[in-house]
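Okay, structure first, notes after.
The values are calculated or read from the model by the stated rules, or taken from the named source; none is laboratory data. What you see is a predicted model; the values in this text were computed from it and never measured. Heads up, the Cβs are rebuilt from the backbone with ideal geometry, glycines too, and the neighbour counts pull from every protein chain shown. For the accessible areas, the whole protein counts, side chains as well, though only heavy atoms, and no ligand, DNA or RNA atoms are used. Shrake-Rupley method; radii C 1.70, N 1.55, O 1.52, S 1.80 Å.
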Amino acid sequence: MVNDDSSAASSPAARPAGRTTRASRPEVDPEPAAEPGSVLEVHGVTVRFGGVTALDDVSFTAPGRQVTGVIGPNGAGKTTLLNVLCGFVRPDGGRLSFGGTELGRLRPHRLASLGIARTLQGVGLFRHLTVLENVMVGAQGQARAGFWSALGGLPMSDRDERRLAARAGDALDRVGAAGLAGAMPDQLAYGLRKRVALARALASQPRLLLLDEPAGGLSETEIGGLGELISSLSAETSVVLVEHRMDLVMAVCDTVVVLDFGRVIARGTPDEVQANPAVTTAYLGVEESGE
(Lines give C-alpha, C1' and ligand atoms only; values in the text may rest on other atoms or scores of the structure.)
Protein backbone atom coordinates (compact mmCIF):
# COMPACT_ATOMS: atom_id res chain seq x y z
CA MET A 1 0.00 0.00 0.00
CA VAL A 2 1.53 3.31 -1.06
CA ASN A 3 0.80 6.18 1.31
CA ASP A 4 3.07 9.07 0.45
CA ASP A 5 1.71 12.15 2.12
CA SER A 6 4.63 14.17 0.81
CA SER A 7 3.31 14.11 -2.76
CA ALA A 8 1.68 17.22 -4.14
CA ALA A 9 -1.45 15.31 -4.99
CA SER A 10 -1.84 14.00 -1.44
CA SER A 11 -2.31 17.42 0.17
CA PRO A 12 -2.80 21.04 -0.87
CA ALA A 13 0.94 21.54 -0.43
CA ALA A 14 3.90 20.03 1.36
CA ARG A 15 3.30 20.13 5.10
CA PRO A 16 6.13 21.54 7.26
CA ALA A 17 6.53 20.73 10.91
CA GLY A 18 4.62 22.72 13.46
CA ARG A 19 0.93 22.05 12.92
CA THR A 20 -1.44 23.97 15.12
CA THR A 21 -2.68 22.35 18.30
CA ARG A 22 -6.18 21.06 18.92
CA ALA A 23 -7.01 24.05 21.13
CA SER A 24 -6.30 26.53 18.33
CA ARG A 25 -8.60 24.84 15.83
CA PRO A 26 -11.55 26.97 14.66
CA GLU A 27 -15.06 25.75 15.32
CA VAL A 28 -17.21 24.66 12.39
CA ASP A 29 -20.90 25.44 12.17
CA PRO A 30 -23.22 22.63 13.30
CA GLU A 31 -24.33 20.19 10.63
CA PRO A 32 -27.79 21.09 9.29
CA ALA A 33 -30.61 18.65 9.87
CA ALA A 34 -30.49 15.68 7.52
CA GLU A 35 -32.42 16.18 4.32
CA PRO A 36 -35.04 13.67 3.20
CA GLY A 37 -33.38 10.73 1.48
CA SER A 38 -30.16 10.91 3.49
CA VAL A 39 -28.69 7.45 3.86
CA LEU A 40 -25.97 7.77 6.51
CA GLU A 41 -26.32 10.08 9.50
CA VAL A 42 -23.51 10.61 12.02
CA HIS A 43 -24.27 12.76 15.07
CA GLY A 44 -21.79 13.75 17.78
CA VAL A 45 -19.66 10.59 17.49
CA THR A 46 -16.80 10.50 19.99
CA VAL A 47 -14.16 7.77 20.32
CA ARG A 48 -11.48 7.60 23.01
CA PHE A 49 -8.55 5.19 23.22
CA GLY A 50 -7.32 5.52 26.78
CA GLY A 51 -6.45 9.18 27.23
CA VAL A 52 -6.48 9.92 23.50
CA THR A 53 -9.59 11.30 21.83
CA ALA A 54 -9.53 9.93 18.30
CA LEU A 55 -12.91 11.38 17.27
CA ASP A 56 -14.42 14.38 19.00
CA ASP A 57 -18.13 15.16 18.43
CA VAL A 58 -18.07 14.28 14.71
CA SER A 59 -21.28 14.94 12.76
CA PHE A 60 -22.12 14.73 9.06
CA THR A 61 -24.58 13.15 6.65
CA ALA A 62 -23.92 11.16 3.47
CA PRO A 63 -26.95 11.44 1.16
CA GLY A 64 -27.92 8.71 -1.23
CA ARG A 65 -26.52 8.73 -4.76
CA GLN A 66 -23.72 11.12 -3.87
CA VAL A 67 -20.02 10.82 -3.07
CA THR A 68 -19.06 12.14 0.37
CA GLY A 69 -15.32 12.55 0.87
CA VAL A 70 -13.53 12.41 4.22
CA ILE A 71 -10.07 13.98 4.22
CA GLY A 72 -7.54 15.25 6.72
CA PRO A 73 -3.85 15.09 7.67
CA ASN A 74 -2.31 11.92 9.09
CA GLY A 75 -3.73 11.19 12.52
CA ALA A 76 -6.89 13.19 11.85
CA GLY A 77 -9.16 10.24 12.69
CA LYS A 78 -10.21 9.13 9.21
CA THR A 79 -9.52 5.41 9.71
CA THR A 80 -11.13 5.46 13.15
CA LEU A 81 -14.24 7.01 11.64
CA LEU A 82 -14.38 4.35 8.95
CA ASN A 83 -13.98 1.63 11.58
CA VAL A 84 -16.87 3.13 13.53
CA LEU A 85 -19.06 3.10 10.42
CA CYS A 86 -18.16 -0.56 9.86
CA GLY A 87 -18.85 -1.60 13.44
CA PHE A 88 -15.23 -2.50 14.22
CA VAL A 89 -15.01 0.32 16.77
CA ARG A 90 -17.87 1.28 19.07
CA PRO A 91 -18.16 4.99 19.82
CA ASP A 92 -18.06 6.29 23.38
CA GLY A 93 -20.69 8.88 22.56
CA GLY A 94 -23.02 10.03 19.82
CA ARG A 95 -25.07 7.96 17.42
CA LEU A 96 -25.06 6.87 13.81
CA SER A 97 -27.80 5.46 11.64
CA PHE A 98 -28.25 4.15 8.13
CA GLY A 99 -31.62 4.16 6.43
CA GLY A 100 -33.23 4.88 9.79
CA THR A 101 -31.55 1.90 11.50
CA GLU A 102 -29.28 2.64 14.46
CA LEU A 103 -25.81 1.22 13.85
CA GLY A 104 -23.99 1.90 17.11
CA ARG A 105 -24.46 -1.56 18.63
CA LEU A 106 -24.63 -3.74 15.54
CA ARG A 107 -21.88 -6.29 14.87
CA PRO A 108 -19.90 -5.88 11.62
CA HIS A 109 -21.44 -8.99 10.01
CA ARG A 110 -24.93 -7.48 10.48
CA LEU A 111 -24.06 -4.40 8.42
CA ALA A 112 -23.87 -6.37 5.17
CA SER A 113 -27.53 -7.31 5.55
CA LEU A 114 -28.33 -3.61 5.75
CA GLY A 115 -26.59 -2.95 2.45
CA ILE A 116 -23.24 -1.63 3.71
CA ALA A 117 -19.99 -2.74 2.06
CA ARG A 118 -16.39 -1.66 2.53
CA THR A 119 -13.14 -1.97 0.65
CA LEU A 120 -9.80 -2.19 2.48
CA GLN A 121 -6.64 -0.13 2.03
CA GLY A 122 -5.03 -3.31 0.74
CA VAL A 123 -6.77 -5.77 -1.55
CA GLY A 124 -7.40 -8.66 0.88
CA LEU A 125 -8.03 -11.26 -1.83
CA PHE A 126 -7.83 -15.00 -1.24
CA ARG A 127 -4.78 -16.28 -3.12
CA HIS A 128 -6.11 -19.77 -3.74
CA LEU A 129 -9.47 -18.70 -5.12
CA THR A 130 -10.04 -17.48 -8.65
CA VAL A 131 -11.03 -13.87 -9.29
CA LEU A 132 -14.65 -14.93 -9.80
CA GLU A 133 -14.67 -16.96 -6.59
CA ASN A 134 -13.18 -14.02 -4.66
CA VAL A 135 -15.95 -11.76 -5.89
CA MET A 136 -18.59 -14.38 -5.10
CA VAL A 137 -17.46 -14.19 -1.46
CA GLY A 138 -18.78 -10.64 -1.41
CA ALA A 139 -22.25 -11.83 -2.39
CA GLN A 140 -22.51 -14.64 0.16
CA GLY A 141 -24.91 -12.59 2.25
CA GLN A 142 -27.42 -12.95 -0.60
CA ALA A 143 -27.20 -16.77 -0.63
CA ARG A 144 -30.44 -18.64 0.01
CA ALA A 145 -29.03 -22.11 0.64
CA GLY A 146 -27.91 -22.98 4.10
CA PHE A 147 -24.70 -24.69 5.19
CA TRP A 148 -26.13 -28.22 5.08
CA SER A 149 -27.57 -27.71 1.60
CA ALA A 150 -24.18 -26.62 0.34
CA LEU A 151 -22.41 -29.46 2.14
CA GLY A 152 -24.74 -32.06 0.64
CA GLY A 153 -24.66 -30.57 -2.85
CA LEU A 154 -28.44 -30.20 -2.90
CA PRO A 155 -30.16 -28.55 -5.90
CA MET A 156 -30.81 -25.34 -3.97
CA SER A 157 -27.07 -24.99 -3.40
CA ASP A 158 -26.38 -25.42 -7.12
CA ARG A 159 -28.90 -22.75 -8.00
CA ASP A 160 -27.40 -20.46 -5.41
CA GLU A 161 -23.92 -20.92 -6.81
CA ARG A 162 -25.06 -20.13 -10.34
CA ARG A 163 -26.88 -17.04 -9.15
CA LEU A 164 -23.92 -15.78 -7.12
CA ALA A 165 -21.54 -16.47 -10.02
CA ALA A 166 -23.77 -14.41 -12.31
CA ARG A 167 -23.84 -11.57 -9.80
CA ALA A 168 -20.06 -11.73 -9.39
CA GLY A 169 -19.65 -11.66 -13.16
CA ASP A 170 -21.81 -8.54 -13.36
CA ALA A 171 -19.71 -6.86 -10.66
CA LEU A 172 -16.48 -7.69 -12.51
CA ASP A 173 -17.96 -6.28 -15.68
CA ARG A 174 -18.89 -3.11 -13.81
CA VAL A 175 -15.28 -2.47 -12.81
CA GLY A 176 -13.89 -3.39 -16.23
CA ALA A 177 -12.45 -6.75 -15.18
CA ALA A 178 -14.87 -9.23 -16.76
CA GLY A 179 -12.08 -10.97 -18.65
CA LEU A 180 -10.23 -11.83 -15.44
CA ALA A 181 -12.83 -14.18 -13.92
CA GLY A 182 -10.70 -17.33 -14.24
CA ALA A 183 -7.38 -15.74 -13.24
CA MET A 184 -5.69 -16.13 -9.87
CA PRO A 185 -5.04 -12.94 -7.87
CA ASP A 186 -1.25 -13.38 -7.88
CA GLN A 187 -1.30 -13.29 -11.68
CA LEU A 188 -2.68 -9.74 -11.71
CA ALA A 189 -1.03 -6.36 -11.43
CA TYR A 190 -1.82 -4.44 -8.25
CA GLY A 191 -4.22 -2.04 -9.95
CA LEU A 192 -6.28 -4.91 -11.33
CA ARG A 193 -6.37 -6.61 -7.94
CA LYS A 194 -7.79 -3.43 -6.44
CA ARG A 195 -10.52 -3.46 -9.07
CA VAL A 196 -11.33 -7.05 -8.16
CA ALA A 197 -11.54 -6.04 -4.49
CA LEU A 198 -13.96 -3.28 -5.44
CA ALA A 199 -16.01 -5.77 -7.48
CA ARG A 200 -16.21 -8.00 -4.41
CA ALA A 201 -17.78 -5.12 -2.47
CA LEU A 202 -20.17 -4.36 -5.33
CA ALA A 203 -21.31 -7.98 -5.55
CA SER A 204 -23.35 -7.47 -2.40
CA GLN A 205 -25.26 -4.72 -4.22
CA PRO A 206 -24.66 -2.20 -1.42
CA ARG A 207 -26.74 0.87 -0.72
CA LEU A 208 -23.74 2.38 1.10
CA LEU A 209 -20.21 1.80 -0.19
CA LEU A 210 -17.27 2.74 2.06
CA LEU A 211 -14.00 3.17 0.16
CA ASP A 212 -10.80 3.18 2.21
CA GLU A 213 -8.05 4.92 0.21
CA PRO A 214 -8.84 3.17 -3.08
CA ALA A 215 -6.21 5.19 -4.98
CA GLY A 216 -3.31 3.91 -2.88
CA GLY A 217 -0.61 2.30 -5.04
CA LEU A 218 -2.27 3.17 -8.35
CA SER A 219 -0.67 4.95 -11.30
CA GLU A 220 -1.91 8.32 -12.48
CA THR A 221 -3.71 6.66 -15.39
CA GLU A 222 -5.35 4.14 -13.08
CA ILE A 223 -6.47 6.91 -10.72
CA GLY A 224 -8.19 8.68 -13.59
CA GLY A 225 -10.12 5.52 -14.42
CA LEU A 226 -10.95 4.99 -10.75
CA GLY A 227 -12.42 8.47 -10.54
CA GLU A 228 -14.72 7.79 -13.48
CA LEU A 229 -15.79 4.50 -11.90
CA ILE A 230 -16.56 6.07 -8.51
CA SER A 231 -18.59 8.81 -10.17
CA SER A 232 -20.62 6.23 -12.06
CA LEU A 233 -21.24 4.18 -8.90
CA SER A 234 -22.79 7.17 -7.16
CA ALA A 235 -25.68 7.02 -9.63
CA GLU A 236 -27.00 3.99 -7.75
CA THR A 237 -25.53 4.04 -4.25
CA SER A 238 -24.21 6.32 -1.55
CA VAL A 239 -20.40 6.43 -1.50
CA VAL A 240 -18.19 7.53 1.41
CA LEU A 241 -14.62 8.00 0.22
CA VAL A 242 -11.68 8.22 2.63
CA GLU A 243 -8.70 9.28 0.56
CA HIS A 244 -5.34 11.09 0.65
CA ARG A 245 -5.35 11.97 -3.03
CA MET A 246 -6.82 15.46 -3.05
CA ASP A 247 -7.08 15.53 -6.84
CA LEU A 248 -9.33 12.45 -6.79
CA VAL A 249 -11.44 13.76 -3.91
CA MET A 250 -12.01 17.13 -5.52
CA ALA A 251 -12.88 15.53 -8.84
CA VAL A 252 -15.50 13.02 -7.68
CA CYS A 253 -17.00 14.24 -4.39
CA ASP A 254 -20.25 16.16 -4.03
CA THR A 255 -19.47 16.99 -0.39
CA VAL A 256 -16.20 16.92 1.54
CA VAL A 257 -15.80 16.57 5.31
CA VAL A 258 -12.43 17.64 6.73
CA LEU A 259 -11.11 16.14 9.96
CA ASP A 260 -8.18 17.37 12.04
CA PHE A 261 -7.28 16.13 15.52
CA GLY A 262 -10.50 14.11 15.44
CA ARG A 263 -12.78 17.11 14.92
CA VAL A 264 -14.70 18.32 11.88
CA ILE A 265 -13.06 21.61 10.91
CA ALA A 266 -14.86 22.11 7.58
CA ARG A 267 -17.54 20.66 5.37
CA GLY A 268 -18.99 21.71 2.07
CA THR A 269 -18.50 21.38 -1.66
CA PRO A 270 -14.98 20.76 -2.97
CA ASP A 271 -14.64 24.43 -3.95
CA GLU A 272 -15.82 25.61 -0.53
CA VAL A 273 -13.42 23.30 1.26
CA GLN A 274 -10.45 24.31 -0.88
CA ALA A 275 -11.15 27.97 -0.13
CA ASN A 276 -11.50 27.43 3.63
CA PRO A 277 -8.52 28.87 5.56
CA ALA A 278 -8.94 26.26 8.31
CA VAL A 279 -8.29 23.50 5.78
CA THR A 280 -5.18 25.19 4.42
CA THR A 281 -3.90 25.63 7.96
CA ALA A 282 -4.57 21.97 8.82
CA TYR A 283 -2.49 20.77 5.88
CA LEU A 284 0.22 23.43 5.89
CA GLY A 285 0.51 23.86 9.65
CA VAL A 286 1.64 27.03 11.39
CA GLU A 287 4.41 27.69 13.84
CA GLU A 288 3.27 28.28 17.39
CA SER A 289 3.97 31.84 18.56
CA GLY A 290 4.57 30.77 22.16
CA GLU A 291 2.27 33.49 23.46
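Remarks
- When Asn74 is tested against (1) open to solvent by 10 Å² or more (accessible area, probe 1.4 Å); (2) farther than 20 Å from Met246 by Cβ, exactly one condition is not met: (2).
- Applying the set (1) under 15 Å from Leu210 (Cβ atoms); (2) touching a helix residue (DSSP H, G or I) at 6+ places or on another chain (Cβ under 7 Å); (3) of a type outside the set (Ser, Thr, Tyr); (4) open to solvent by less than 50 Å² (accessible area, probe 1.4 Å) to Ala112 leaves exactly one unmet item: (4).
- Set Leu81, Leu132: member being surrounded by 19 or more Cβ atoms within 10 Å (Cβ to Cβ), at pLDDT 90 or above and more than 21 Å from Leu172 (Cα to Cα): Leu81
Yes/no per residue for (1) in a strand (DSSP E or B); (2) open to solvent by less than 60 Å² (accessible area, probe 1.4 Å):
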{"site": "Arg162", "(1), (2)": "no, no"}
{"site": "Ala166", "(1), (2)": "no, yes"}
{"site": "Ala171", "(1), (2)": "no, yes"}
{"site": "Ala183", "(1), (2)": "no, yes"}
{"site": "Asp186", "(1), (2)": "no, no"}
{"site": "Lys194", "(1), (2)": "no, yes"}
{"site": "Pro206", "(1), (2)": "no, yes"}
{"site": "Leu209", "(1), (2)": "yes, yes"}
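- Highlighted here are the strands (runs of 3 or more DSSP E) found entirely within the range 24-74 that include at least 3 residues which are modelled with pLDDT of 95 or more and among the β-branched types (Val, Ile, Thr): 38-49, 67-71.
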